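Input: a single structure, listed below in structure tokens.
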Amino acid sequence: MRDKALRLLALHRGPAPLLLPNAWDCATARILEQAGFPAVATSSAAIAFARGYPDGEVISREEMLEEVARIARAVSIPVTADMEAGYGDTPEAAHRTAIGVLDAGAVGLNLEDGDPGPGGPLHGLEKQVAKIRAVREAAESRGVPLVLNARTDVYLDAVGPEAGRFDETVRRGLAYRDAGADCVFVPGLADEEVIGELVRRLECPVNILASAAGPSIGALARLGVARVSLGSAPMRAAMTLLRRLAEELRALGTYSELEGIVTHASMNELMRGPRTGDGRSPTA
């Protein structure tokens, strides 16, 4: 676990950004590992959707961790878990979540400051800093340098006047960094000039959420971005294909969307691969 955590941390300081097209189950995690990605990130929204819940901590901590554990057992590369806002608004809740992530076999944790409760849209800065410190303390108690990706939703949720969002993002990002975050995640930001200035101001690894209309990986690399993730987009892309297939089948009685898909044999072989962790099947 310690070696995996150090490997994941080192990937944030490489010559190129760490690319993470997020997984939501064992099959998607293994496909990403087979494709050559050095780590797997989960998407909390995608896992929630697949289990019949909307996004926003409606799924329980326990159910989320069950899927994280299956994914961590299914691959040999480091896994970082998206655990929303930590499943509670106290440091104690964040501590329990971090311990749960480590027990599940993951070595990274996303912790957002978006407030899913009535107090939103964001947790107060002092409260969020206390939660980050609690995560760091939990990791230290286990002797594993859990890679903490602290997310701020200032841009994603369009918090406050537009003119003040950059300064608020920097304020929160610096506080999260100083509290022990290894990387600061700013979803909802696509302006290259703003991204570049944010990287310069924070002086730590920065994670950007990719989008079809956003900067390319090459552009983000030139701006100094350390980590690029796709969030729930891969899952939604898969659902888009399923919707197209369903519409074609119902309307035309044809199934051209099936052309070129992964074969049954290759998926079967992929899921027969060696188990990791405790050696059990990911579905055990």
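Once fully extended, how much extra length lies between ALA238 and GLU63, figured as 0.36 nm per residue of separation less the alpha-carbon to alpha-carbon distance?
60.8 nm
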Exercise for review: Would you kindly state the longest site-free stretch of the chain, with sites defined as trypsin sites (Lys or Arg not before Pro) in a DSSP loop (not H, G, I, E, B) surrounded by at most 13 other Cβ atoms within 10 Å?
Suggested key: 14-271
Check your understanding: To the nearest 0.05, how large is the calculated FRET efficiency for ALA27 and ALA163 if R₀ is 41 Å and r is the Cβ-Cβ distance?
Key -> 0.35
Check your understanding: Based on the Cα atoms of the stretch 124-198, what semi-axes does the equivalent ellipsoid have, where each is the square root of 5 times one gyration tensor eigenvalue, given in whole Å with the largest first?
Key -> 25, 13, 9
Study note, to complete from the structure: A correct Stokes-Einstein calculation for the stretch 2-271, using the alpha-carbon Kirkwood radius, 10 °C and 1.306 mPa s, returns a whole-number D in µm² s⁻¹ of 83
Check your understanding: Say we join alpha carbon atoms closer than 10 Å with springs in a Gaussian network model of the chain; which of SER43, SER229, SER256 then has the biggest fluctuation?
Key -> SER256
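FYI, it's all coordinate maths here, none of it is from the lab. Note that this is a predicted model, so its numbers are computed, not measured. In this analysis, Cβ positions are derived from the backbone assuming ideal geometry, glycine residues included, and neighbour counts consider all displayed protein chains.
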